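Down below is the structure, laid out as structure tokens.
The values are calculated or read from the model by the stated rules, or taken from the named source; none is laboratory data. All values derive from a computational prediction rather than experimental measurement. Positions of Cβ are generated from backbone atoms using ideal geometry, with glycine treated the same way; all protein chains shown enter the neighbour counts.
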Amino acid sequence: MATTAEVSRPLTLADLKGKVDPDWCPGCGDFGVLAALQKALVELQIPQHNVVTISGIGCSSNLPGYINTYGMHTLHGRTLAVATGVKLANHDLTVVVTGGDGDGFGIGGNHFIHTMRRNVDLLYIVMDNQIYGLTTGQTSPTSQLGMKTKSMPFGNIEAPLNPIALALAAGATFVARGFSGEQKHLTELIKEGIQHKGFSFLDAFSPCVTYNHDNTYQWFRPRVKKLEDEPAYDSANWYAAMEKAQLWGEEIPIGKFFERTDIPSLHGAEPVLAQGGPLAHRSLRLPAEMSRGFAEELL
Amino acid sequence: MKQTFAVSIGGAAGQGVATPGDVFAKILTRRGLHVNAYNAYQSIIRGGHTFLTIRTGPEKVTNMGDRIDLLIPLNQDTMNRHLGLLGSGAAVIYNADTIQPGIPADGVQLCPLPVSQLADITRNKVAQNTLAMGAGLNLMGVGFQPLEEVLTEQFKKKGEAVVNENVAVARAGYEFAAAHFKPFLNPLPMTDNRYAVLSGNVALAMGGVAAGVKFYCAYPMSPSTGVLHWMAAHARKAGVIVRQVEDEIGVINMAIGAAHAGCRAMCATSGGGFALMSEGLGMSAMIETPVVVINCQRAGPSTGVPTKTEQGDLWQMLGAAFGDYPRVIAAPTDIADCFKIIPEIFNIADRFQCPGLVLCDLLLSEGRLSVDPKDLDFNVPIDRGELITAAGGPPSGPDRDGIYKRYLITESGVSPRAIPGVPGHVHTAATDEHDENGVLLSDEYTNPAKRRAMMEKRMRKVAGIEAAVKPPELIGPRNADVTLIGWGSTKGVIQEACEILHEQGISANQLPVRWLVPLKGDAILDILKGCQHTIIVENNYSGQFARYLRSETSYVPDGYIRKYDGEPFMPHHIAEAVKEQLAGKTNLSVPRHEIMV
């Protein structure tokens, strides 16, 4: 049984262990993302009852069940809308949204764009394996051209979506890419994403060892290049980020592409939240004279 | 028969039908009179045909009625369409410069206004409207003072010159009528009552705020958009976060997110938007997070007739989202009830942690009714059920293992609900079937016993919901010749149809159904057992309620009255249909709407 950290003692990795162990395939990239998230929360020492991990549907979306924080396992593709509601209702909560590429870029594409535009203060980790796993191997919005799957046995003829470029274009204020095979690096990105006050997008390569035989750990390892290793790279420069976002193939940048801190998050801009604490803690009753006023407007 | 008076104003969209409507409604309610207003319009911003009917009287006016007493056509098209509806005693006021009257029925007074002689039409584009208001109020026996007051309020922001000009134009119309036209036989009475005038959408929004809604989100869709507008305009004052979302799928999910974090959350839409929300309702039921969703029905299917009314979404609501789950569906029976029903359904949704659905329609949403301000009392009972917040809550239940179980199996089916942020109650709420701890069954290799236990736990809530809701009651004489069964918005018009029938020697009563789920079928059967001739009245093609009642109770009525042309029932439609059915001519009547709008 998982333990519960109280305010009196520090949060440990053991506290964050879920009620059950993950049932992902041995070797799945999602293990690395879960471990990095747990490490990041321990390093940041955020009490587990103040964290809500929200997911959609798919292999990676089972993650909330494997981490001992408040969790929601919502509908396929709808996580960001649910998470926006949670954050606006109680902005004291740390909201981490997890899911896959099909969930976020396919069925949830509309919410993805609009949640970025709104700069909702949450971290969105997409465990991107470029395939549909839980439905046993169909093409996803990030599957590469030519990739053969059960749904496109003659090879994918649709160009893949570029999540980093899309996030930049849609106005995400923190855009990063990590790799499940680079634990420390990924943990740091998660920590930064949680601390960023606005929408943080983290595209995390999370290889599917069962259905994606093209984009494997072995395929990624020589290709991924950390932006942090480029001293000249300026993550405050949107245009530079957009240029880096175009790289794919022999060199694939990972790390923090972009961050801006000069615009308020949605809850920061919401006038109703300007005073009075989280909405969920407020009294349901209005002052009697205010309610009378509403009726008198109609006289 | 009650004393009522109806004035109808018609013209193209953009010609200014709304302003005279608002002015009349204000003057009438300030006189202590009741009003009921219905606007027949099209999905068009400029042009087309808009026809607003305001009916007034000293007693409650429950519907648009059968008779127009005063017609104000703002263009030739309106004159052509509606002059023929006027009967003896009615009058028509029109711009003699631009409109030809045609041939009216006997006893109809034609009241032409020489608009260009009475006002400077080059400066005042709506002079004909203002003149007609002045003339109309004169014929109705209302002094000029109230009109002057309302016009002054209306144009105050535009400065004294505009106020003076409009008052002068109105006075010219008033005096011209006094000199040239015959007043109506019965001048409008006056009472000391004071009424608020509001639409169903405003009532729904205010009911939400009274219930303690702190989060409202929506995607604009006629005829539900008025709820969004009121909420947005009052958001800061009332402390409600109001968000416009990218689509209705986002709407329902965002509302559920806010509700899950502890707010009372509400959203409104129409049939098409509701269709997009249905998967979300299943989530609300499965994770047991209450949310209230309003469907303001319009004529369907598909985009349908966006500005016309219908009761065609009952089966959509009954079947929304796959799988079996507890839900509550209520249909407000008039505009005042739109206010009342929201806090009621929130209490049920909170207590039983399930979706609460409100089935309204365009007739109520966009219609207007005078309501005693006392009936808009925000001091309503609030019951959040077994909710555990940082501030406390009920005990977390008999924790056999000393841990909190979000989906604890209980006799009532209700498990104490902790909101995120409360220490010691960390759990995951899952849309996959789960065990008492919220662990996915698929993570434990699907377990039929646990699945069954969880299904039964959730469905046990149905008994509690059933007990929380009152059965419908028969209105009118006990042993009537005919019993009219309706649901939701038809209550008012059926009531008047019963009065008409009574005057014609046929006693009639009504069973208005307000709670659709739970239906209270046994109680309904008990009532109907003693009825002589039963007819189900509803605003749809297939008799959706009749089919529902039959499926729940095996009850088959003697007849049906249905209407699906986009317009609401008028009292005579129902009264005449009842007569033809009692005479044995048919058991299915589909009244024809005579007003071409």
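I need the full set of residues from segment B:136-167 which are among the aliphatic types (A, V, I, L, M), without any contact (Cβ under 8 Å) to a residue 12 or more places away in the chain and surrounded by 13 or more Cβ atoms within 10 Å (Cβ to Cβ), in order please.
Residues of segment B:136-167 among the aliphatic types (A, V, I, L, M): B:137, B:139-140, B:142, B:147, B:150-151, B:161-163, B:167.
Those still in the list that are without any contact (Cβ under 8 Å) to a residue 12 or more places away in the chain too: B:161-162.
Residue satisfying the conditions is B:162 alone.
Mind listing whichever residues of segment A:270-291 are of a type in the set (A, V, I, L, M, F, W, C) and free of Cβ contacts under 8 Å to residues at least 60 places away in the same chain? Outline the logic, then answer.
Initial filter on segment A:270-291 (of a type in the set (A, V, I, L, M, F, W, C)): A:272-274, A:279-280, A:284, A:286, A:288, A:290.
If the condition is that a residue be of a type in the set (A, V, I, L, M, F, W, C) and free of Cβ contacts under 8 Å to residues at least 60 places away in the same chain, then A:272, A:274, A:284, A:286, A:288, A:290 are the ones that fit.
Quick check on this structure: which one of A:77, A:58, A:65, A:32 is out of contact with any strand residue (DSSP E or B) (no Cβ under 7 Å at 6 or more places or on another chain) and either in contact (Cβ under 8 Å) with a residue 40 or more places away in the chain or under 18 Å from residue B:419 (Cα atoms) (or both)?
On the way: A:77 fails: either in contact (Cβ under 8 Å) with a residue 40 or more places away in the chain or under 18 Å from residue B:419 (Cα atoms) (or both); A:58 fails: out of contact with any strand residue (DSSP E or B) (no Cβ under 7 Å at 6 or more places or on another chain); A:65 fails: out of contact with any strand residue (DSSP E or B) (no Cβ under 7 Å at 6 or more places or on another chain).
So the residue among A:77, A:58, A:65, A:32 that is out of contact with any strand residue (DSSP E or B) (no Cβ under 7 Å at 6 or more places or on another chain) and either in contact (Cβ under 8 Å) with a residue 40 or more places away in the chain or under 18 Å from residue B:419 (Cα atoms) (or both) is A:32.
Taking segment B:20-53 as the search range and keeping residues that are among the β-branched types (Val, Ile, Thr) and farther than 19 Å from residue B:143 by Cα, which one is surrounded by the most Cβ atoms within 10 Å (Cβ to Cβ)?
The extreme case among them is B:50.
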**OP:** Select from segment B:252-270 the residues that are aliphatic (A, V, I, L, M) and part of a strand (DSSP E or B) and write down the one among them that is farthest from the other protein chains (Cβ to nearest Cβ).
**Re:** B:268
Original post:
How about segment B:18-34: which of its residues are at pLDDT below 90 and among the aliphatic types (A, V, I, L, M)?
Top reply: B:18
Original post:
What are the residues in segment A:260-292 that are part of a helix (DSSP H, G or I), of a type in the set (Gly, Ala, Ser) and out of contact with any helix residue (DSSP H, G or I) (no Cβ under 8 Å at 6 or more places or on another chain), if any?
Top reply: A:268, A:269, A:288
Original post:
Does segment B:390-400 include one or more residues that are more than 12 Å from chain A (Cβ to nearest Cβ), modelled with pLDDT under 95 and in contact with a His (Cβ under 8 Å, 6 or more places away or on another chain)?
Top reply: yes
Original post:
Which residues, taken from segment A:263-275, are within 7 Å of chain B (Cβ to nearest Cβ) and surrounded by fewer than 15 Cβ atoms within 10 Å (Cβ to Cβ)?
Top reply: A:271
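Condition check ((1) part of a helix (DSSP H, G or I); (2) buried (at least 22 other Cβ atoms within 10 Å of the Cβ)) across all residues:
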site	(1), (2)
B:479	no, no
B:484	no, yes
B:496	yes, yes
B:499	yes, no
B:506	no, no
B:512	no, yes
B:532	no, no
Subject >> segment A:179-209: number of residues that are part of a helix (DSSP H, G or I) and either at pLDDT below 95 or more than 22 Å from residue A:112 (Cβ to Cβ) (or both) >> reply: 6
Original post:
Is there any pair linking a residue in segment B:66-90 that is acidic (Asp, Glu) to one that is in a helix (DSSP H, G or I), with Cβ under 7 Å and at least six apart or on different chains, and which?
Top reply: B:66/B:571; B:66/B:572
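Tell me which strands (runs of 3 or more DSSP E) are completely within segment A:23-119 and hold 2 or more residues being under 15 Å from residue A:203 (Cα atoms) and more than 8 Å from chain B (Cβ to nearest Cβ), or say none if there are none. Talk me through it step by step, then tell me what you get.
On the way: elements: A:51-55, A:70-73, A:94-100.
Correct list: A:94-100.
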Original post:
Checking residue B:388 against (1) in contact (Cβ under 8 Å) with a residue 12 or more places away in the chain; (2) surrounded by fewer than 17 Cβ atoms within 10 Å (Cβ to Cβ); (3) not in a loop (DSSP other than H, G, I, E, B), which test does it fail?
Top reply: (2)
Subject >> Of all residues in segment B:230-251 being small (Gly, Ala, Ser) and more than 24 Å from the chain's Cα centre (by Cα), the one that is farthest from the other protein chains (Cβ to nearest Cβ) >> reply: B:239
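Conditions tested, residue by residue: (1) within 26 Å of the chain's Cα centre (by Cα); (2) at pLDDT 95 or above.
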residue: B:2; (1), (2): yes, no
residue: B:53; (1), (2): yes, yes
residue: B:71; (1), (2): yes, yes
residue: B:95; (1), (2): no, yes
Original post:
Which condition number does residue B:275 fail, the rest of (1) crowded, with 23+ Cβ neighbours inside 10 Å; (2) part of a helix (DSSP H, G or I) being met?
Top reply: (1)
**OP:** Could you please let me know if residue B:110 is modelled with pLDDT of 95 or more and closer than 28 Å to residue B:335 by Cβ?
**Re:** no
Original post:
Here are B:484, B:441: which of them is among the aliphatic types (A, V, I, L, M), in contact with a helix residue (DSSP H, G or I) (Cβ under 8 Å, 6 or more places away or on another chain) and free of Cβ contacts under 8 Å to residues at least 24 places away in the same chain?
Top reply: B:441
Subject >> Close pairs from segment B:342-366: first within 15 Å of residue B:263 (Cα to Cα) and at pLDDT 95 or above, partner surrounded by fewer than 24 Cβ atoms within 10 Å (Cβ to Cβ) and of a type in the set (S, T, N, Q), Cβ under 8 Å, at least 6 apart >> reply: B:353/B:415
Original post:
Among the numbered criteria (1) within 26 Å of residue A:61 (Cβ to Cβ); (2) assigned to a loop (DSSP other than H, G, I, E, B), which single criterion is violated by residue A:257?
Top reply: (2)
Subject >> Some residue of segment B:189-204 being closer than 30 Å to residue B:117 by Cβ and outside the structural domain of residue B:370 (by TED's automatic domain parsing) >> reply: no
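Rundown of residues vs (1) crowded, with 17+ Cβ neighbours inside 10 Å; (2) modelled with pLDDT of 95 or more; (3) not in a loop (DSSP other than H, G, I, E, B), yes/no style:
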{"residue": "B:437", "(1), (2), (3)": "yes, no, no"}
{"residue": "B:443", "(1), (2), (3)": "yes, no, yes"}
{"residue": "B:453", "(1), (2), (3)": "no, yes, yes"}
{"residue": "B:457", "(1), (2), (3)": "yes, yes, yes"}
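Is it fair to say residue B:120 is at pLDDT below 95 and among the charged types (D, E, K, R)?
Details: at pLDDT below 95: yes; among the charged types (D, E, K, R): yes.
The answer is yes for residue B:120.
Quick one: in segment B:166-223, which of the residues that are of a type in the set (Val, Ile, Thr) and away from every other protein chain (no Cβ under 14 Å) is farthest from residue B:241 (Cα to Cα)?
We begin by selecting, within segment B:166-223, every residue of a type in the set (Val, Ile, Thr); these are B:167, B:169, B:191, B:197, B:202, B:209, B:213.
From what's left, away from every other protein chain (no Cβ under 14 Å): B:167, B:169, B:191.
Working: B:167: 41, B:169: 44, B:191: 40 Å.
The residue in question is B:169.
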